[in-house]
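Trainee: Once you've had a glance at the structure underneath, I'll fire off some questions.
The values are calculated or read from the model by the stated rules, or taken from the named source; none is laboratory data. Since this is a predicted model, take the numbers as computed values, not measurements. All Cβ positions, glycine included, derive from the backbone under ideal geometry; neighbour counts span all protein chains shown.
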Amino acid sequence: MTSFTKTKTEKITTSSGTFLCEVIELSGLLPTEKSLVGTRPTDDDYDRLIQNNTVVYVDGVRAVVFLKKAMTTLLDIEPGTKDYNYWRWVSRDLYSSQRGVVGGKEFTTEVGRRYTKGQIEFFRQVAKGKITNLEEARKVIDADTSFSQYFFYLNKLEQTHYFNMEVIGDLQSKLRKKAVLPEDREKMQSQLDAERLKWFEIWLEEWAVAEDKKAYAAAAHKEYTSAQTYSNNIYSNVLGILDRSARIPFGRWTASTAKKMGQFESQQHIYMQASKLYQETMPEEWDYINKLMTTCQDDNYTLLGTKTFSTITVNWNFPTYYHFDGRNNPRGVAVLTALTNENYTGEKFDGSYFVMPALGLAFDIRKGDFLVGDNQSLMHGQTLQTNKVDDADNIVFVFYAREGMTKLDTFENECCRKEFVQYAKANFADKYQKNSGGKFMGIFPEMWISDEWNEFKATRCPNASNTNYWYT
């Protein structure tokens with residue numbers, strides 16, 4: 001377990017005031033198993049819960065600073081006000097299934113449209129010719145009945161005899177009624193999920209008597225299985241600019257940012273205070289990231305000019321499972337804070353402690369508290385949140401810098417790239433669509449060095465680059 005030194009204190013002076021902090025000095029990090037990733041932190045994972053101003057040093061280097069009520073810009077936001085309602089809306093605008101292990105590695109949401117892991121393994125082994133009869137199939141399927149990240153298409157199966165649409169339709173109709181009590185709704189949803197999951201057993205019996213079992217399984221997998229993977233749904237949203245990806249090869253505002261741009265801009269004082277406190281508490285780390293982010297070609301890429309952060313992740317009433325932050329700048333640290341509707345700590349919820357097991361510490365982050373530390377190389381997550389009332393709000397902010405921001409063209413030129421994708425989608429399907437199936441989305445090989453792009457940008461954005469989504 002963690003070895004703490006005798007009690008020491010240190011004063012940290014910031015633009016929010018002077019904080020007398022307990023000093024915790026650690027001689028190295030505790031070992032942590034990567035197998036913990038995707039699991040829920042528990043009280044057994046830390047030696048101390050930190051609820052007061054604290055500075056943590058590891059081998060003499062400042063690793064974490066935790067200041068109570070230092071984010072005065074958030075302390076000033078009261079429930080029911082325009083600003084509070086904006087942040088509550090942001091935190092709930094996206095019920096995301098794309099956060100990976102942050103949402104847990106055991107899949108518990110939308111189970112009525114998930115294959116089990118055994119079923120997915122069945123398809124893989126049939127394709128390899130390793131399963132040829134029903135007995136072999138059931139052995140593999142029954143070996144792992146936990147749910148997988150793969151969905152089957154509900155709309156397609158609703159058109160087949162595999163779904164009993166009389167039962168399913170009746171349950172769906174009842175669930176649409178607003179007057180249904182929560183406990184009845186939960187029971188009916190479970191019944192609907194169970195009814196939908198029956199289809200695979202019906203199909204499997206047909207597969208068992210098929211002449212060409214390999215082809216029969218391949219056809220069903222292609223017809224009914226989504227190529228997109230889905231993690232657990234959680235209320236987790238992102239504000240700011242997203243950098244390029246293979247499917248969306250241009251920088252762009254996140255959807256929620258664009259929906260209420262005026263209100264996003266009106267909150268800049270919060271972003272600036274988070275940056276300032278970062279500078280005042282970890283000046284060397286701030287100096288590195290500031291010099292890097294100053295090279296960005298547009299202030300939009302740094303939360304309207306913080307020159308520190310590019311992005312804010314905002315979670316609502318969702319304590320994250322153990323994870324490492326994947327796409328942050330490798331040397332950047334993250335800032336965490338929270339906005340709640342409590343009048344005092346513990347009024348509306350308990351738990352949701354921010355755990356860093358390599359330090360043996362957990363931090364009780366409440367309204368306006370400020371924490372800065374290394375989320376990139378240190379595994380972290382939050383303990384379960386237990387709500388005492390139905391209207392509890394725990395809105396957690398994570399400020400960080402995404403690595404790709406410094407490589408983007410100007411925002412105007414990134415918008416031009418977006419326009420070219422739309423132009424290509426409308427004009428080049430016949431030339432570049434790979435096959436007759438699917439829908440051409442305007443993406444084609446070597447498009448950013450193509451004659452079409454060079455001709456397009458010559459009259460619209462001549463200074464735009466020819467770099468691809470890898471920035472090469």
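Trainee: Please enumerate the residues belonging to the range 45-70 that are within 20 Å of Gln382 (Cβ to Cβ) and either assigned to a strand (DSSP E or B) or modelled with pLDDT under 95 (or both).
Mentor: Those that are within 20 Å of Gln382 (Cβ to Cβ) and either assigned to a strand (DSSP E or B) or modelled with pLDDT under 95 (or both): Arg48, Leu49, Ile50, Thr54, Val56, Ala63, Val64, Val65, Phe66, Leu67.
Trainee: In addition: Name the one entry in Asn300, Asn290 that is under 22 Å from the mean Cα position of the chain (by Cα), of a type in the set (S, T, N, Q) and surrounded by 17 or more Cβ atoms within 10 Å (Cβ to Cβ).
Mentor: After ruling out the rest, the residue left standing is Asn300.
Trainee: Considering only residues that are in a strand (DSSP E or B) and among the hydrophobic types (A, V, I, L, M, F, W, C), which ones fall in the range 367-406?
Mentor: Phe370, Leu371, Val372, Ile395, Val396, Phe397, Val398, Phe399
Trainee: In the range 1-44, which residues are of a type in the set (Lys, Arg) and at pLDDT below 95?
Mentor: Lys6, Lys8, Lys34
Trainee: Mind checking which pairs have a first residue in the range 182-197 that is free of Cβ contacts under 8 Å to residues at least 12 places away in the same chain and a second that is loosely packed, with under 15 Cβ neighbours inside 10 Å and part of a helix (DSSP H, G or I), Cβ under 8 Å, 6 or more apart or different chains?
Mentor: Taking only residues 6 or more apart or on different chains, the pairs are Arg185/Leu175.
Trainee: For the range 240-302, which fully contained helices (runs of 4 or more DSSP H) count at least 3 residues that are more than 27 Å from Phe66 (Cα to Cα)?
Mentor: Once the helices (runs of 4 or more DSSP H) in the range 240-302 are filtered for at least 3 residues that are more than 27 Å from Phe66 (Cα to Cα), what remains is 255-259, 261-266.
Each row is one residue, and each column tells you yes or no for (1) modelled with pLDDT under 95; (2) more than 24 Å from Cys21 (Cα to Cα); (3) touching a helix residue (DSSP H, G or I) at 6+ places or on another chain (Cβ under 7 Å); (4) not assigned by TED's automatic domain parsing to the domain that holds Gln51.
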site	(1), (2), (3), (4)
Phe264	no, yes, yes, no
Leu303	no, yes, yes, no
His323	yes, yes, yes, no
Gly332	yes, no, yes, no
Thr340	no, no, no, no
Tyr344	yes, no, no, no
Lys367	no, no, yes, no
Asp374	yes, no, no, no
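Trainee: Suppose we filter the range 199-229 for residues that are among the basic types (Lys, Arg) and either under 31 Å from the mean Cα position of the chain (by Cα) or on the phi > 0 side of the Ramachandran plot (or both); how many remain?
Mentor: Residues meeting the conditions: 1.
Trainee: For the range 108-145, which residues satisfy the criterion of being under 27 Å from Trp207 (Cα atoms) and not in a helix (DSSP H, G or I)?
Mentor: Within the range 108-145, Glu110, Arg114, Tyr115, Thr116, Lys128, Gly129, Lys130, Ile131, Thr132, Asn133, Asp144, Thr145 meet the criteria.
Trainee: Among the residues in the range 443-453, are any closer than 18 Å to Asp243 by Cα and modelled with pLDDT under 95?
Mentor: yes
Trainee: Scan Lys105, Lys82, Lys130 and give me the residue that is over 30 Å from Ala219 (Cα atoms) and basic (Lys, Arg).
Mentor: Within the list Lys105, Lys82, Lys130, the selection yields Lys82.
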